[in-house]
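Taken together, the values in this text are just the output of simple stated rules run on the coordinates, not laboratory data. Note that this is a predicted model, so its numbers are computed, not measured. Reconstructed Cβ throughout: ideal geometry from the backbone, glycine too, with neighbour counts over all protein chains shown.
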Amino acid sequence: MIEVEKLCVSLNDREILVDISFTLDNGNNLVILGRSGSGKTVLIKTLLGIYFPVSGSVVIDGIDIHRSSEDQRKTTKKRFAMVFQNAALLDSFTVLQNVALPLYERGEKDTALIKDRVHKCLQMVGLENTVNLYPAQLSGGMRKRIGIARALVYEPNYIIFDEPVSGLDPITSREIMYYITRIVETASATLITITHELKDIQTIANQVLFLNEGRVIFNGKTSDLYQSPNPLVQEYLQ
Ligand SMILES: Nc1ncnc2c1ncn2[C@@H]1O[C@H](COP(=O)(O)OP(=O)(O)OP(=O)(O)O)[C@@H](O)[C@H]1O
């Protein structure tokens, strides 16, 4: 569970996030919407403890991420996986090694367990036959799916998708959305997705947080978004 309370963040003496409050219950899936520069990335980085607030708090599974010990912060951060816009795979590593990376980083040495986990995660994204290939041998969409498999490999409590379909052609976008929907349906993780793709929101999220110039202008059920009286929300939805 993520509890954000009256969060204010300033960077270079500029207010970037102002009085942000919302709660994300476990098992709910959140989409963060907002125009470019509205503060979506800064919010994510603050949730991860990278940026510190001027005031307010972020409590993740009972731990106040900015007021806890370094150890507690690290442990909490390990519950998160991030799927980056550009997949961020290592070119000199095979698919197996790329997907297994978070397990190596966590000190896992049991090769049978690693192979089994990697295989299961690759199955989730329909790429179980690519273990020995290198990223350069894969299409952009496939690399993205490998990035998703890597996020799933250590069974995180929270998965953050940063604009998962931006820059992809419509068919590849649908493919990626299909696999994200499968994760929503089968994984026990709580998803947070930054996206501009309105048509996909209903399938991947039941909660929407809409930011405008660092402030929340909508926080509620996805099904209520289109009824928002806020003109900025309505303008965005057109
Ligand atoms: N490290 C930083 N130092 C100073 N200002 C920053 C920093 N990072 C972001 N900002 C500013 O904070 C504001 C919000 O940026 P942010 O990257 O969170 O927007 P965003 O909603 O994620 O945009 P986009 O959709 O384009 O990714 C912007 O005005 C940006 O210039």
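Note on the chain: helix-only mean residue ellipticity at 222 nm, from DSSP H runs of 4+ residues weighted -39500 (n - 2.57) and normalised by residue number, equals -11000 deg cm²/dmol. Summary of packing: across the peptides 85-94, 159-168, the per-residue average of other C-beta atoms within 10 Å ranks them, highest first, as 159-168, 85-94.
Along the range 224-238 the Karplus relation, 6.51 cos²θ - 1.76 cosθ + 1.60 evaluated at θ = phi - 60°, assigns HN-Hα couplings of 9, 4, 5, 8, 4, x, 5, x, 5, 5, 4, 4, 5, 6, 6 Hz to successive residues, with x for each Gly and Pro. Let a ≥ b ≥ c be the square roots of the eigenvalues of the Cα gyration tensor of the range 54-143; is it rounded (a/c under 1.5), or, if not, prolate (a/b larger than b/c) or oblate? Since a/c reaches 1.5 and a/b is larger than b/c, the shape of the range 54-143 is classed as prolate.
Short to long, the 10 Å bins of the Cα pair-distance histogram for the range 2-237 hold 8, 31, 35, 21, 6, 0 percent of all pairs. Sort the range 107-238 into rounded, prolate or oblate with this rule: let a ≥ b ≥ c be the square roots of the eigenvalues of the Cα gyration tensor; rounded if a/c is under 1.5, and if a/c is not under 1.5, prolate when a/b is larger than b/c, oblate otherwise. Verdict is prolate for the range 107-238. Largest GNM mean-square fluctuation across Val208, Val54, Val153, computed for the chain with C-alpha springs under 10 Å, falls on Val54.
Amide H contacts of Ile217: Phe210, Leu211, Asn212, each under 5 Å away and 5 or more positions distant or on a separate chain (H built 1.01 Å from N in the peptide plane; Pro and chain starts excluded). Among Lys40, Lys221, Lys144, the residue with the largest mean-square fluctuation in a Gaussian network model of the chain, with springs joining Cα atoms closer than 10 Å, is Lys221. Shown in residue order for the range 46-54 are the 3J(HN,Hα) couplings computed by the Karplus curve 6.51 cos²θ - 1.76 cosθ + 1.60 at θ = phi - 60°: 6, 4, 7, x, 7, 9, 9, x, 6 Hz (x for Gly and Pro). Contact order for the range 2-237, expressed relative to its length and based on alpha carbon pairs under 8 Å spaced 6+ residues apart, stands at 26 percent.
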